[in-house]
Amino acid sequence: MPDFQYLKSSYSDAKDECVEVATNIPATIAIRDSKTPTSPSLRLHPTAWETFQAAVADDRIR
């Protein structure tokens, strides 16, 4: 299994719950809940992740 290196958003503070994202494995974006780091992660193709980020930036997802 790959060794994902998860990062928290710069908008999060150390005490709050947040989503962590790993982008260090080619062709895979891994996403997990910081409250349960040992739970399974959601894995996406980078194109799907870019589409999601664009939708959030365009305020199409709330």
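Some values worked out for this structure:
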read-out: Residue list for segment 49-62, filter: among the small types (G, A, S) and open to solvent by 50 Å² or more (accessible area, probe 1.4 Å); value: A57
read-out: Matching entry among T23, T38 (being β-branched (V, I, T), touching a helix residue (DSSP H, G or I) at 6+ places or on another chain (Cβ under 9 Å) and either at pLDDT 90 or above or surrounded by 14 or more Cβ atoms within 10 Å (Cβ to Cβ) (or both)); value: T23
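The values are calculated or read from the model by the stated rules, or taken from the named source; none is laboratory data. These numbers were taken from a predicted model, which means no experiment stands behind them. Quick reminder, even Gly has a Cβ in these numbers, built from the backbone with ideal geometry, and neighbours come from all protein chains shown. Just so you know, the surface numbers come from the protein's heavy atoms only, side chains and all, with ligands and any DNA or RNA stripped out. Shrake-Rupley method; radii C 1.70, N 1.55, O 1.52, S 1.80 Å.
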